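See below for the structure under consideration.
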């Protein structure tokens with residue numbers, strides 16, 4: 001386990017709670033890119049596979065946690081896209 005790998009994950013991972021909070025509050029996809037989110041998710045998948053195959057340790061759990069956090073942001077993207085569509089059609093979003 002490299003302390004630098006852990007610090008990289010901490011730095012990347014610290015931004016996701018803010019992104020999720022913004023998605024929850026804004027109820028909009030403005031400023032979000034599903035391609036970007038999916039690429040980040042794919043990167044975490046590759047990190048998890050590497051850790052499982054080559055050097056499984058506690059950092060693997062950090063990768064898994066961040067995978068699920070980004071997954072939540074992806075789900076919020078699709079929820080917010082429905083809100084954007086409803087707003088564009090002149091309908092109020094369903095609660």
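Structure summary
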{"item": "Fewest-first ranking of 87, 73, using other Cβ atoms within 10 Å as the exposure measure", "result": "87, 73"}
{"item": "Percentage relative contact order, the chain, counting C-alpha pairs under 8 Å, at least six apart", "result": "40 percent"}
{"item": "With 10 Å bins from 0: P(r) over the chain, alpha-carbon pairs, percent", "result": "15, 41, 25, 13, 5, 0"}
{"item": "Using alpha-carbon coordinates, inclination of helix 59-88 to the longest axis of the chain, degrees", "result": "10 degrees"}
{"item": "Within the chain, helix-based [θ] at 222 nm, where runs of 4 or more DSSP H residues each add -39,500 (n - 2.57), nearest 500", "result": "-26500 deg cm²/dmol"}
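A short reminder: the numbers here are calculations on the coordinates, not readings from a lab. A quick note: this is a predicted structure, and the numbers were derived from the prediction, not measured. Methodologically, a virtual Cβ is constructed for each residue, glycine included, from the backbone with ideal geometry; neighbour enumeration extends over all protein chains shown.
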